[in-house]
Amino acid sequence: MMLRVTILLLVVTAALARMNVLFLVSDDMRPELSVYYGKDFPSPVHPPIHSPNLDALARRSLLLKRAHVQQAVCSPSRSSLLTGRRPDTTHVYDLQVYWRVVGGNFTTIPQYFKENGYRTIGSGKIFHPGHASNNNDPISWTDPYFESGKEANMFVYDYKAPVSWMNVPMDLLKNNSLQDTQNADFAIKMIQEAAPQARSGERPFFIAQGFHKPHLAFVAPQRFFDMYP
């Protein structure tokens with residue numbers, strides 16, 4: 001079974017007495033990034049992974065090198081992390097059941113911020129989507145949840161059929177955006193929209209952006225494939 005590793009980074013900025021939170025999640029991220037090299041990861045991969053932005057963020061952050069997922073499946077680990085409870089409490093062991101139904105009406109991280117006066121905005125993959133979260137757990141958010149069209153990740157409209165691997169030509173991206181790009185653009189837009197109230201201290205924000213990559217399907221712009229033989 002593939003080990004599913006989700007790396008979460010908290011970035012905070014001051015808004016008078018309360019902080020704003022940008023919550024970033026990446027799906028199936030593995031610890032071969034260069035920032036992990038050291039006594040715990042002595043053998044770097046070849047060729048090295050090109051991740052300058054993640055490396056720069058990690059160097060100025062608290063990097064946890066001994067963190068492990070609660071269970072090697074997506075929904076159980078996400079449900080556990082977002083509720084602060086182990087899978088044997090949430091009773092989520094698969095990709096189907098909803099913890100509020102089978103485990104308990106547990107408060108989630110974004111829901112906690114919402115109940116304490118924050119504007120909570122989500123996009124991309126935070127919870128496991130669909131039935132496992134009642135479609136991204138609506139109770140957790142003050143704003144409608146945003147998810148780009150799933151098919152955009154596969155370019156089915158351009159290639160007529162789903163694909164599991166594709167190095168997308170750069171000229172094709174001029175009029176098409178991949179799924180993660182659409183979600184990231186939305187998150188940036190929401191930060192800009194929420195900023196005035198946050199700066200004044202009127203209403204801080206909790207904005208969560210979940211990236212589907214590097215989880216399969218392995219669809220990415222050509223320039224990233226060009227970095228590796």
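The values are calculated or read from the model by the stated rules, or taken from the named source; none is laboratory data. On a predicted model such as this, the values are computed, not experimentally measured, just so you know. Every residue, glycine among them, receives a Cβ derived from its backbone with ideal geometry; neighbour counts consider all protein chains shown. Accessible surface areas use protein heavy atoms only, side chains included; no ligands, DNA or RNA. Shrake-Rupley method; radii C 1.70, N 1.55, O 1.52, S 1.80 Å.
The mean sequence separation of alpha-carbon pairs under 8 Å and at least six residues apart, normalised by the residue count of region 168-221, gives a relative contact order of 52 percent. Membrane-span-like helices in the chain (whole DSSP H runs, Cα extent of at least 30 Å along the helix axis, mean Kyte-Doolittle hydropathy of at least 1.6): none found. DSSP finds beta bridges in the chain, and of those with both partners inside it, around 35 percent are antiparallel. Adding -39500 (n - 2.57) for every DSSP H run of four residues or longer, then dividing by how many residues the chain holds, sets the calculated 222 nm ellipticity at -7500 deg cm²/dmol. Just tell me the longest site-free run in the chain, where the sites are trypsin sites (Lys or Arg not before Pro) in a DSSP loop having at most 15 other beta-carbon atoms within 10 Å. The longest such stretch corresponds to 67-159. Using a cutoff of 8 angstrom between alpha carbon atoms and counting only pairs six or more residues apart, the relative contact order for the chain works out to 25 percent. Accessible area per residue for the chain is 57 Å², calculated with a 1.4 Å probe on protein heavy atoms, without ligands, DNA or RNA.
Relative contact order of region 13-99, taken over Cα pairs closer than 8 Å and 6 or more residues apart, is 16 percent. Split the accessible area of the chain by element, probe 1.4 Å, and carbon with sulfur accounts for 59%. Among the listed pairs Lys65/Lys213; Lys39/Lys125; Lys114/Lys213, those whose Cα-Cα separation exceeds 25 Å are Lys39/Lys125; Lys114/Lys213. Each part reduced to its alpha carbon centroid, region 25-77 and region 189-226 end up 19 Å apart. When +1 charges are put on Lys and Arg Cβ atoms and -1 charges on Asp and Glu Cβ atoms, the dipole computed for the chain relative to its Cα centre reaches about 560 debye. Given the choices (1) 20.1, 66; (2) 18.4, 52; (3) 16.8, 48, Rg and Dmax of the Cα atoms in Å derived from the coordinates of this structure is entry (2).
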